[in-house]
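I have placed the structure first, in the form of structure tokens, so that the comments after it can refer back to it.
The values are calculated or read from the model by the stated rules, or taken from the named source; none is laboratory data. Here the structure is a predicted model, which is why all the values come from computation and not from measurement. No Cβ is skipped: glycine too gets one built from the backbone with ideal geometry, and neighbour counts run over all protein chains shown. What goes into the accessible areas is simple: the full protein's heavy atoms, side chains included, and nothing from ligands, DNA or RNA. Shrake-Rupley method; radii C 1.70, N 1.55, O 1.52, S 1.80 Å.
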Amino acid sequence: ATGVAPEKLAEAVSRAVGAAPVWDLHTHLFPPEFGTPMGRGVTPDPHGLMLWGVDELVTYHYLIAEVLREAPEVTPEAFYARSRSEQADLIWQKLFVDATPVSEACRGVVTTLTKLGLDPNEKSLAGHRRWFAEQTPAGQVDRVLELAGVDTVTMTNDVFDENERGRWLAEGGVARDPRFPAVLRFDPLVVDWPAAAPRLRDWGYAVDAQASAGSIDAVRRFLGEWIGRMKPVYCAMSLPPEWRYPADGPGNRVLAEAIVPACSEHGLPLALMIGVTRGVNPALRQAGDGIGVTHVDSLAALCRDFPQQRIMATLLARENQHALAVAARKFSNLTPFGCWWFINTPSLIEETTRMRLELLGPTFVPQHSDARVLEQLLYKWDHSRAVLAKVLTDKYQDLAAAGWRVTPAAIERDANRLLRGNVATLLEQ
Ligand code: REL
Ligand code: ZN
């Protein structure tokens, strides 16, 4: 086969990266079966978990943090006292009308509206609201997945969330959409055992404050039951920067003696999302979480202790990305994934992805969306695909200069594994 001419590489790569379907490895999205507060043809469920539409897009917690900077005269309390649409109107006015929406989260709204055929230059949200009110939730899911080039949207299913828990436990459970595989998420088990234990006891599992041997058995039973109910594709938790392993304490005992064994019994990978300090500014609620540097040696120690356990990791701090890539070179059971939250910006995706390709070749998962609002898939994947294409083009140009024939088939193979194939291999073993 002949190689692609160096001056044609950029176009060939962006075509392949644009055409490759995505399996989004981590989102907070739900299909309509989990209820939705709005939409044509459905009974509105005010606590429904499927978030979509312009008010949700504009009140994304990333933008709440930004509007409180742009309009410091608005206190967080006053902001949250407004209705959702009043919050959206304020954000629209301050960040999109009175200022230029250059931040990544703002640009995301612009890309999203444009991709839906709506004009992001409108001074008011009224017309956009009318358009969304005409859509059915199911139709919108189909439209967005199609336009975003995403075929699988991995959910995050928090067993400690009472609202969601009730839906799983309802008579008949929740109807499942195969495009939305589940993930069993249980942060408090490891991060806050003193809070998790009484909840487990309420649910009928005999656990104690020390997480003694009997408790460990009960946690295994709890996990086994939820794995049976949700059929997750992996288990997940996020951990604070202070997390150390090995170290004494109930959380790590639960991790090593209940969580990892339950994952291995059911053949499930375990995802660790490390580096978040929750509630640094509690008044900001969901927008108030902060960041800290992860102790990567602890992650490496876990990978060393459980060589058979597939471990996926994403770290919040830019400072940790190099050490994570190096750890993955040492432990083949470790897969770095995504550019999480505060590093999901074009410049940091570029630097992180370039480094990962240079240290790991194509053996990682470059991105996940972390979308909370359905239509965010449109911008998160558009922006990330553009950066991935740019980095891959550079790598191929260097290879071509070194004498390698970069063929169209190789470009397609790489684009497919980076956007979907590596996830499928990781989760379907
Ligand atoms: O899954 C997580 O823990 C985080 O991704 C979220 O807590 C966070 O709020 C999310 O919206 C970030 O993108
Ligand atoms: Zn998340």
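A few points about this structure:
- Restricted to region 373-429, and to residues there that are open to solvent by 10 Å² or more (accessible area, probe 1.4 Å), outside any helix (DSSP H, G or I) and not polar (S, T, N, Q), the residue that is nearest to Thr111 (Cα to Cα) is Glu428.
- Taken together, the residues in region 175-214 that are aromatic (Phe, Trp, Tyr) and under 30 Å from Asp151 (Cβ atoms) amount to 2.
- Residues in region 164-190 that are within 16 Å of ligand 1 (Cβ to nearest atom) and either surrounded by fewer than 16 Cβ atoms within 10 Å (Cβ to Cβ) or of a type in the set (Val, Ile, Thr) (or both): Val183, Val190.
- Conditions (1) within 21 Å of Thr36 (Cβ to Cβ); (2) part of a helix (DSSP H, G or I); (3) within 19 Å of the chain's Cα centre (by Cα); number of the one not met by Phe180: (2)
- Sole residue being touching a helix residue (DSSP H, G or I) at 6+ places or on another chain (Cβ under 8 Å) and either part of a helix (DSSP H, G or I) or modelled with pLDDT under 95 (or both), chosen from Arg354, Arg304: Arg354
- Among the residues of this structure, Gly290 counts as one that is within 16 Å of ligand 2 (Cβ to nearest atom) and either open to solvent by 70 Å² or more (accessible area, probe 1.4 Å) or out of contact with any Asp or Glu (no Cβ under 7 Å at 6 or more places or on another chain) (or both).
- Qualifying residue in region 124-139 (condition: out of contact with any Asp or Glu (no Cβ under 7 Å at 6 or more places or on another chain), open to solvent by less than 70 Å² (accessible area, probe 1.4 Å), within 30 Å of Leu255 (Cα to Cα) and part of a helix (DSSP H, G or I)): no
- Residues of region 190-243 classified as part of a strand (DSSP E or B) and aromatic (Phe, Trp, Tyr), total: 1
Yes/no per residue for (1) surrounded by 17 or more Cβ atoms within 10 Å (Cβ to Cβ); (2) assigned to a loop (DSSP other than H, G, I, E, B); (3) of a type in the set (Val, Ile, Thr):
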residue	(1), (2), (3)
Thr2	no, yes, yes
Ala10	yes, no, no
Val13	yes, no, yes
Gly18	no, no, no
Asp45	no, yes, no
Ile64	yes, no, yes
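- Check on Val260, under 23 Å from Phe306 (Cβ atoms), touching a strand residue (DSSP E or B) at 6+ places or on another chain (Cβ under 8 Å) and either within 14 Å of ligand 1 (Cβ to nearest atom) or without any contact (Cβ under 8 Å) to a residue 24 or more places away in the chain (or both): no
- Val153 vs. criteria within 16 Å of ligand 2 (Cβ to nearest atom), open to solvent by 20 Å² or more (accessible area, probe 1.4 Å), in contact (Cβ under 8 Å) with a residue 60 or more places away in the chain and in the same structural domain as Met237 (by TED's automatic domain parsing): no
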